[in-house]
4 protein chains.
Amino acid sequence: MTSCLHDHSKWGKGDQLGAANLLSAENTLAALALAKTGRVIDLSHIIENGAPYMAPNQTPYVIHSGATARNSKKVRAAMGATNDVGANLERVGMTMHVGTHIDALGHFSIGEHLYGGHNIDDSVGDFGLIDLGIENMPPIITRGVCLDVSGLDGGHHLKPGRAITTDDIKRAFEAQNVTPQSGDVILINTGWGRYFMTDNTTYLEGEPGPDEGAARFLTEMGVVAIGADNMALEVLPGINHPDVMMPVHQHCLVEAGVHIIENLVLAELAREKIGVFCFVLLATKYKGATGCPVRPIAIL
Amino acid sequence: MTSCLHDHSKWGKGDQLGAANLLSAENTLAALALAKTGRVIDLSHIIENGAPYMAPNQTPYVIHSGATARNSKKVRAAMGATNDVGANLERVGMTMHVGTHIDALGHFSIGEHLYGGHNIDDSVGDFGLIDLGIENMPPIITRGVCLDVSGLDGGHHLKPGRAITTDDIKRAFEAQNVTPQSGDVILINTGWGRYFMTDNTTYLEGEPGPDEGAARFLTEMGVVAIGADNMALEVLPGINHPDVMMPVHQHCLVEAGVHIIENLVLAELAREKIGVFCFVLLATKYKGATGCPVRPIAIL
Amino acid sequence: MTSCLHDHSKWGKGDQLGAANLLSAENTLAALALAKTGRVIDLSHIIENGAPYMAPNQTPYVIHSGATARNSKKVRAAMGATNDVGANLERVGMTMHVGTHIDALGHFSIGEHLYGGHNIDDSVGDFGLIDLGIENMPPIITRGVCLDVSGLDGGHHLKPGRAITTDDIKRAFEAQNVTPQSGDVILINTGWGRYFMTDNTTYLEGEPGPDEGAARFLTEMGVVAIGADNMALEVLPGINHPDVMMPVHQHCLVEAGVHIIENLVLAELAREKIGVFCFVLLATKYKGATGCPVRPIAIL
Amino acid sequence: MTSCLHDHSKWGKGDQLGAANLLSAENTLAALALAKTGRVIDLSHIIENGAPYMAPNQTPYVIHSGATARNSKKVRAAMGATNDVGANLERVGMTMHVGTHIDALGHFSIGEHLYGGHNIDDSVGDFGLIDLGIENMPPIITRGVCLDVSGLDGGHHLKPGRAITTDDIKRAFEAQNVTPQSGDVILINTGWGRYFMTDNTTYLEGEPGPDEGAARFLTEMGVVAIGADNMALEVLPGINHPDVMMPVHQHCLVEAGVHIIENLVLAELAREKIGVFCFVLLATKYKGATGCPVRPIAIL
């Protein structure tokens, strides 16, 4: 897999964007032109205490009320305020890989190598990534394509460990009568998302998802990002597990510079057989973060 | 101020949206039609350790590397992986009111009352808001209007404590040759944003911003949200401080159901005298949160 | 239960110490005199990621490396240091009720009332307890008594829901040939501690522990604190569950001003049939905290 | 300085205790015999929001209320409880080097080396130290010696950058008429502790403390730990700053296996000219932590 590490950064030395270089003003206009009715479909889950996470690298999401109106208005009254003004705030502890989120390019390595020739000694600091953090991700406004493969095996969802192959992907494009194009964001509906917060134990035990071949097919088409309605995009356990772990992450993020979007909500798109839409994802610029929770949408 | 508390919820009992009810598919299409070139202007700051916060209610933002590629690839190798796969993740502690962010309607109270007749005993739980949390905020795609008042007193920015009045606002609309309309998001450039992370002590000592009258003028126009390039939107110290604290928050959030956007980056819009644009803000759905960090954009 | 709320604060209005008022220099000397050999037995568990907690009120313990020697020595070298100096630090998120810990008097309420006539509106702030936080707890150096009831039903441990009664407690004192005295700390070995971190699911499903009658018997003897080798001291589910929840906490903390120590390691004391010893517990003074992790010891 | 790295671990390969090997049952009995009156002097500060920290490696302490009695009793009532039972808990975020604390041996490195031949690649994990974490520290019950050097220059405290030399230390022992002995814990009162939480800016700008020579003199005497009433024990800026940073930490922790105690409260000992006492410090066993907040005491 590492054979292409020296030449994969076709966007030049030190590049922080990867396939996001394919985004452009023209691309934005073309994507916006896909919006015909103004209907917006939300593609994200609510994030709350108890949200699923993959221990130990991912850590639990914790939110508490911090300041409360009841107490803070007493504090302000003591300072002289007569307008009985209360404020509520919270304190949150989390990893960025909670709920619906996007992975930054620096999230994974192949050995010592990150995307674009960056290496982990120079680019991973104590306070987050020095290079390839999510703050480098530009706004994504591009064509989105939803591929619904949930029914491939005759049920409502594929099973954990079920690899979605290149052929499966090709057939899904055909079924939508869509040809992949440079700048696309591809969203894969496996049906697995139904277990998010309804049965987290099941959700985390494994998942269906694309194998490395399918991922390579998509990245070679020039996609900007690939997402799915599961925890980690790729099939788990992987087809060569435990010899090879997380190869789709290694290929997409490190080799291809293609972002990954996880824990998506794609049921509405699938139910209505919506294949193509204006996709918008605005990653919050947390410096050095290896991803961030997001709220992607489809505009029809 | 509390006289209108009984009738302000014109959108019905239990409403969680406030002025966001004014958003619609038609409004979305009209906003998208404002995009002519596809150029995107980012309106947000990078969020990092040391980001300014207003103690004690706001608490410091802390990000650290959690899992690191160097260590995690050792762990996976010990499990049998031969593909030398490393992952970087982080752990973050924060309040939602860090960096460029939007306030949820439940962020402030007038006494025991939150927006829409909700009261703090029922609607403020231990793990965040039970009502009026940011997860209720729909995607905002609407017309944005930038009002540049930074030069009103002849400098590059207004001074702390300098109240922006209704007349100032009206003149700024006239200068842009824009008439406010229902569904707008209004962004006020005071120039104060230049001190964000360049001089946080100054940034936090006070700020210019609209007074309550100016805020009322805007909410009566039917705006969905009001934002500024400062920490708390409104003039600090307020014009009747300490008798009246944070009246603009009380009016906008509690009385009018109008969201507030803070710590915006408006310099580029102001420099290029861009008055009207397609504004997009996608609030991440953290359940019960009193706001969230965002990455709003202007599409031209 | 609330009938004695008006007169229980025998140590005066505003008292923050409760039964810890019984500690004295004389008591300290008497306790130290119990140390004959200088052998120290550690009564605490190691606290680590994955430590058991009772959701939702208790929240997960999370520790990860923060600054690391590898990176921090680069930072210092860049500042001019030639002595290749690295520092490791961590970031921790936790509730204080993790691992072996002591409960502060303000941890529980009976309705609006905390220990000693304090009420929750005045004494529970946004940043912890205003009264009755753990910082008020003096160092505990006193006689410790270990009561081993683990074999009462013929096994290695009592079962979840098995209430330890006053008679059980009395017989355990007799078996040790010990008479309870003012100032004692009583540690109850149920055998349940064997599941801490070896089988947290079992450990959290319920537990044996004293019922309210047994607790009252002990507090009337003038004990300073009661501890056990389980999560919550008292029998769970309680004997009148769900009508009455956590009555031992209400009685000990609120009515009697007696501290509670949880998740103790008592196996070594029990195995060697050690009944009486010098007990030392030094609660870290976290202001307003409702308890804190500790490392109590027995000195023989 | 690194010349002795190969032979400093006189307690054997893989040792995790360092000079704490000098603690013994005999030593414990001898220390307890120093307690004549049973009076206990607390040597620790209260830890609260706003506690001083040395950015960026140390991170801010944050505590806020988590579950509250007001809300939690509603939750339990809804589950059927009739005993109106409320619980207060908190959520804390911190580094272990906050307030009065002890440093674990693995806190500092000399290059790649930690104490005892451990190296950072093997011994520093993503979730704390794999070796030399504070959970390895045994309870400390030993002779404490307080050296009051605060008046050496004629004021109430020494000035930042004022190095306490070996001669200063020797004279302080003489003034107390004490000879250092194996197993001692040495506490140095510089007077600087008066600025803790009264003027944190001053407290953090620099500090008086022992230089490397003075530290070596003490470690050669066989002390178990050295503490002071300042942030970092050693003189800051150091006498060869910036060429040499934190040499006392490197010597004590890495070379000598001697623990460091910081932010002590020594004013009462100094004021009463108390030189020798029974010292007790019980480090909470946070696995892999590079130290922990503590509450050391002197028993007279």
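The values are calculated or read from the model by the stated rules, or taken from the named source; none is laboratory data. The structure presented is a predicted model; accordingly, all values stated were derived computationally and were not measured. We place every Cβ from the backbone using ideal geometry, glycine too, and count neighbours over all the protein chains shown. For the accessible areas, the whole protein counts, side chains as well, though only heavy atoms, and no ligand, DNA or RNA atoms are used. Shrake-Rupley method; radii C 1.70, N 1.55, O 1.52, S 1.80 Å.
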Taking every DSSP beta bridge with both residues inside region A:152-300, roughly what % is antiparallel (nearest 5)?
30
Just going by the charge dipole of region A:228-295, with Lys and Arg at +1 and Asp and Glu at -1 on Cβ, which of A:V294, A:I239, A:V258 is farthest out on the positive end?
A:V294
Let me check I have the definition right: for region D:206-261, take the eigenvalues of the Cα gyration tensor, multiply each by 5, take square roots. What are those semi-axes in whole Å, largest first?
17, 12, 9
May I ask you to evaluate 6.51 cos²θ - 1.76 cosθ + 1.60, the Karplus curve with θ = phi - 60°, for each residue of region D:70-81 and list the ³J(HN,Hα) values in order in whole Hz, giving x for glycine and proline?
4, 7, 5, 6, 5, 4, 5, 4, 5, 8, x, 5
In this model, which of A:K74/D:K285; A:K73/B:K10; B:K36/B:K159; A:K73/D:K73; A:K285/B:K273; A:K73/D:K74 are farther than 29 Å apart at the alpha-carbon?
A:K74/D:K285; B:K36/B:K159
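Can I get the semi-axes of region B:143-300's equivalent ellipsoid? Compute them from the C-alpha gyration tensor as square roots of 5 times the eigenvalues, in angstrom, largest first.
Equivalent ellipsoid of region B:143-300: 20, 19, 17 Å, largest first.
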Interchain or long-range residues, amide H under 5 Å from C:G133's placed H:
C:G288
Can you tell me the Rg and the Dmax, both Å, for the Cα atoms in region B:10-63?
18.4, 44
Once the label point is set 7 Å along the Cα-to-beta-carbon vector, what list of distances in nm do you get between B:N177 and its counterparts in the other copies?
4.5, 9.5, 10.4
Using a 7 Å offset from Cα along the direction of the beta-carbon, what are the separations from A:G155 to the same position in each other copy, nm, ascending?
3.6, 6.7, 7.5
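Averaged over its residues, how many other protein chain Cβ atoms are within 10 Å of peptide C:104-110's Cβ atoms?
Per-residue shielding by partner chains comes out at 5.
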Solution diffusion estimate, µm²/s, Stokes-Einstein, chain A, Kirkwood Rh from C-alpha pairs, 37 °C, viscosity 0.692 mPa s:
164
Computed [θ] at 222 nm, deg cm²/dmol, the protein assembly as shown (DSSP H ≥ 4; -39,500 (n - 2.57); rounded to nearest 500):
-4500 deg cm²/dmol
Which far-off residues, 5 or more places away or on another chain, put their amide H under 5 Å from the one on D:N49, with H placed in the peptide plane?
D:I63
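Run through the DSSP bridge list for the protein assembly as shown and note the antiparallel percent, rounded to the nearest 5. If you can, show how the numbers build up before the last one.
Values: 127 of 187 bridges.
Of the beta bridges lying entirely in the protein assembly as shown, close to 70 percent run antiparallel.
Taking N as the number of residues in region D:170-240, what is its Cα Rg relative to 2.2 N^0.38 Å? Kindly include the intermediate steps, with their values, before the conclusion.
Numbers: Rg = 13.1 Å, N = 71, 2.2 N^0.38 = 11.1 Å.
My calculation over the Cα atoms of region D:170-240 gives 1.18.
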Where in region C:251-300 does accessible area fall by at least 50 Å² between the isolated chain and the complete protein assembly, at a 1.4 Å probe radius?
C:L282, C:T284, C:K285, C:Y286, C:K287, C:R295
Classified through the alpha carbon gyration tensor (a ≥ b ≥ c as square roots of its eigenvalues; rounded if a/c is under 1.5, else prolate when a/b is larger than b/c, else oblate), region A:24-127 comes out oblate
7 Å along Cα→Cβ for the label point: how many nanometres lie between A:D199 and each equivalent label in the other copies, listed shortest first?
2.6, 6.0, 6.5
Averaged across A:51-62, how many Cβ atoms of other chains sit within 10 Å of each residue's Cβ atom?
6
Say we join alpha carbon atoms closer than 10 Å with springs in a Gaussian network model of chain C; which of C:G209, C:G106, C:G288 then has the biggest fluctuation?
C:G288
Listed residues B:S109, B:S44, B:S24; largest mean-square fluctuation, Gaussian network over chain B with Cα springs below 10 Å, found at B:S24
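Quick check: at a probe of 1.4 Å, how many percent of the accessible area of region B:58-111 sits on carbon and sulfur atoms? If you can, show how the numbers build up before the last one.
Details: 640 of 1050 Å².
Result for region B:58-111: 61 percent of the exposed heavy-atom area is carbon or sulfur.
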Does a label point 7 Å from the Cα of A:K13, set along Cα-to-beta-carbon, have any residues of region A:92-134 with amide nitrogen under 18 Å, and which are they?
A:113-123, A:131-132
Distant-in-sequence amide H partners of B:I188 (H built 1.01 Å from N, under 5 Å)
B:L147, B:G227, B:A228, B:D229
Please list D:12-19, C:59-66 highest first by mean number of surrounding beta-carbon atoms within 10 Å per residue.
C:59-66, D:12-19
For region D:87-94, just list the computed ³J(HN,Hα) in residue order, Karplus coefficients 6.51, -1.76 and 1.60, θ = phi - 60°, integers in Hz, with x standing in for Gly and Pro.
10, 10, 9, 9, 10, 10, x, 6
Of D:S109, D:T284, D:G227, which is farthest on the positive side of the dipole of chain D, counting Cα position, with +1 on Lys and Arg Cβ, -1 on Asp and Glu Cβ, and the Cα centre as origin?
D:T284
Karplus-derived 3J(HN,Hα), 6.51/-1.76/1.60, for each residue of region A:44-61, Hz, glycine and proline x:
10, 7, 6, 9, 8, 3, x, 4, x, 8, 9, 6, x, 5, 7, 10, x, 7
Point-to-point label distance, C:M79-A:N119, nm (Cα→Cβ direction, 7 Å offset)
2.6
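Among DSSP beta bridges lying fully in chain A, give the percent that are antiparallel, nearest 5.
Details: 27 of 41 bridges.
The answer is about 65 percent antiparallel.
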Under 18 Å from a point 7 Å along the Cα-to-Cβ line of A:R271: which residues of region A:142-161 have their amide N that close?
A:146-151, A:155-158
For a quick protection proxy, order the peptides D:150-160, A:110-120 by their average other-Cβ count within 10 Å, most packed first.
A:110-120, D:150-160
Can you compute log10 of I(q)/I(0) for the protein assembly as shown with the Debye formula, treating each Cα as one identical point scatterer, at q = 0.04, 0.06, 0.09 Å⁻¹?
-0.23, -0.52, -1.16
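Just tell me how shielded A:27-34 is by partners: mean number of partner chain Cβ atoms within 10 Å of each residue's Cβ, no decimals. Intermediate values should be presented prior to the final figure.
Details: counts 1, 7, 6, 1, 2, 7, 2, 1.
Counting Cβ atoms of other protein chains within 10 Å of each residue's Cβ and averaging gives 3.
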Hey, in the GNM for chain B with a 10 angstrom Cα cutoff, which one of B:A215, B:A175, B:A163 fluctuates hardest?
B:A175
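Provide the net charge surrounding D:L22, with neighbours chosen by a C-beta distance below 15 Å and charges set as Lys +1, Arg +1, Asp -1, Glu -1.
Values: positive: D:K10, D:R143; negative: D:D15, D:E26, D:D184, D:E220.
Computed value for this residue: -2.
Leaving ligands, DNA and RNA out of it, rank D:T201, B:T100 by accessible area with a 1.4 Å probe, largest first. Working shown, then result.
Details: D:T201 95, B:T100 0 Å².
Highest to lowest solvent-accessible surface, that is D:T201, B:T100.
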At the nearest 100 Å², what buried accessible area, both sides summed, do you get for B and A when the probe is 1.4 Å?
7600
Taking chain A and dividing mean pair separation by its residue count, relative contact order in percent (alpha carbons under 8 Å, at least six apart):
30
